[in-house]
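Asker: Could you have a look at this structure, given as structure tokens, before my questions?
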Amino acid sequence: MLEIELQSEADTLALARSLAAVLEGGDVIGLEGGLGAGKTTFIRGAVHGLGVTEERAVTSPTFALVHQYEGRLRVAHADFYRLAGEAELEELGVDELIEEGAVLFVEWGRKFPWMSSRTVLWVELEIVSEVGRRARLRPQGARGDAIIGALGR
């Protein structure tokens, strides 16, 4: 596990960009944290770090469920909060996105064991002050360990 204190939104964006630099197609990154913890901010930094133009807005897919972007790699940002079951997850086509080489960022992925098992890294964001956050990056499997190793350099 890698734990990092983030003193500002700029720190959150910088960490996300660092992560983006080591991601590969098919990586699934799970995000956890309460409302306002910075999940969408983190994903915005990663999406832009993956080469999506800064002019492209990155917003929460709470109602759309999945937003897609084209950069160095194809990127998808999913929010599974409103999904009730595995059948709805299948209908979204996230498995196909992963198989086609997209990087998938998932909020509320632990609700579904299948998605949870595909996740290579969990990013847990905790509010510690009005602007400060604590990020805990928890690897899952060999790919997650490699990501943490690359970030630690």
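A short reminder: the numbers here are calculations on the coordinates, not readings from a lab. In this text the structure is predicted, and so the values were computed from the model without any measurement. Ideal geometry is used to build each Cβ from the backbone, glycine not excepted, and the neighbour counts take in all protein chains shown.
Asker: Could you size up the charge dipole of the chain around its Cα centre, putting +1 on the beta carbon of Lys and Arg and -1 on that of Asp and Glu, and report it in debye to the nearest 20?
Answerer: With Lys and Arg at +1 and Asp and Glu at -1, about 380 debye.
Asker: What are the radius of gyration and Dmax of the chain, computed over its Cα atoms and given in Å?
Answerer: 14.2, 40
Asker: Angle check, please: helix 9-22 long axis (alpha carbons) against the longest principal axis of the chain (alpha carbons), in degrees 0 to 90, nearest 10.
Answerer: With both axes taken from Cα atoms, the answer is about 60 degrees.
Asker: If we count GluC sites (Glu not before Pro) as exposed when they sit in a DSSP loop and have at most 10 other beta carbons within 10 Å, what is the longest stretch of the chain that avoids them all?
Answerer: 56-129
Asker: While we're on this one: Would you mind checking the tilt of helix 39-49 against the longest principal axis of the Cα atoms of the chain, expressed as 0 to 90 degrees and rounded to 10?
Answerer: Tilt of helix 39-49: around 90 degrees.
Asker: Which of the trypsin sites (Lys or Arg not before Pro) found in segment 1-73 are loop residues per DSSP with 14 or fewer other Cβ atoms within 10 Å of their Cβ?
Answerer: On the way: sites: Arg17, Lys39, Arg44, Arg56, Arg72; in loops: Arg56, Arg72.
Listed in order of number, the matching sites are Arg56, Arg72.
Asker: Follow-up. Are there any chymotrypsin sites (Phe, Trp or Tyr not before Pro) in segment 50-153 that are in a DSSP loop and have at most 10 other Cβ atoms within 10 Å? List them by number.
Answerer: Those satisfying the criteria are Phe63.
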